[in-house]
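Enquirer: Just dropping this structure here.
The values are calculated or read from the model by the stated rules, or taken from the named source; none is laboratory data. Just so it is clear, the model here is predicted, and its values are computed rather than measured. Here Cβ is always computed from backbone atoms with ideal geometry, including for glycine, and neighbour counts include all displayed protein chains. All accessible areas refer to the heavy atoms of the entire protein, side chains included, with ligands and DNA or RNA removed. Shrake-Rupley method; radii C 1.70, N 1.55, O 1.52, S 1.80 Å.
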Amino acid sequence: MKTNLKFSEYSEYSEYPEYSSTQSTRNTRNTRNTQSPQTTQKTLIPSNMTHTKNTMLDRRYLRMATIWSENSYCQRRQVGALIVKDKMIISDGYNGTPSGFPNVCEDDNNVTHPYVLHAEANAITKIARSGNNSDGATLYVTDSPCIECAKLIIQAGIKRVVYSREYRLTDGADLLRRAGITVEHMPLDNI
């Protein structure tokens with residue numbers, strides 16, 4: 001009988017998610033001696049390797065958010081965001097103007113127009129329109145969230161935020177931490 005294992009159930013070992021019940025089980029043994037030598041065995045890895053694997057995924061999602069930021073027409077700062085739940089990207093966003101507005105983010109004095117949406121706000125509003133939900137999801141964003149985006153992140157049920165560039169103000173990240181949301185800084189030079 002095959003048992004599904006979860007990462008959280010073991011402190012020293014975790015399961016490779018790539019292995020499924022459809023893969024070949026030839027020449028592997030189960031830990032129970034009552035079954036034949038042809039039975040399925042879960043492949044386990046030490047938890048420190050799981051941490052490394054999760055870090056690699058974080059870096060990949062941050063790189064993808066960075067690439068997504070290139071869609072922004074903003075001149076001063078291009079920001080990208082991805083919302084990931086159960087290892088699936090459920091929403092994306094970049095900073096820019098609302099639908100129907102000209103794709104010009106700054107005025108003649110290089111000051112950002114007040115109606116420009118932040119990447120996080122764009123990603124969260126896309127979820128609202130799609131019928132998906134972001135409860136328990138992770139937000140990957142190129143820049144540390146501002147206070148207004150932090151409020152949206154809290155209300156959207158996002159439980160973890162990973163960002164690569166520091167913003168001059170820390171009140172957004174501080175509010176997220178105060179709300180119990182995990183906030184992680186992973187600089188671009190480490191991606």
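Enquirer: Residues 127, 158: which one is on the phi < 0 side of the Ramachandran plot, touching a residue at least 60 places away in the same chain (Cβ under 8 Å) and of a type outside the set (S, T, N, Q)?
Expert: Just a single option satisfies the conditions, and that option is 158.
Enquirer: Could you run through the stretch 138-155 and say how many residues are touching a residue at least 40 places away in the same chain (Cβ under 8 Å) and under 17 Å from residue 94 (Cβ atoms)? First the steps, then the outcome.
Expert: Residues of the stretch 138-155 touching a residue at least 40 places away in the same chain (Cβ under 8 Å): 138-144.
Okay, now just the ones that are also under 17 Å from residue 94 (Cβ atoms), so 139-144.
Going through the stretch 138-155 one residue at a time, the tally reaches 6.
Enquirer: Take the stretch 71-89 and flag every residue that is open to solvent by 40 Å² or more (accessible area, probe 1.4 Å), in contact (Cβ under 8 Å) with a residue 24 or more places away in the chain and part of a strand (DSSP E or B).
Expert: Passing the criteria: 85, 89.
Let's see how each residue does on (1) of a type in the set (D, E, K, R); (2) more than 19 Å from the chain's Cα centre (by Cα); (3) at pLDDT below 95:
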| position | (1), (2), (3) |
| --- | --- |
| 64 | no, no, no |
| 70 | yes, no, no |
| 75 | no, yes, yes |
| 80 | no, no, no |
| 99 | no, yes, yes |
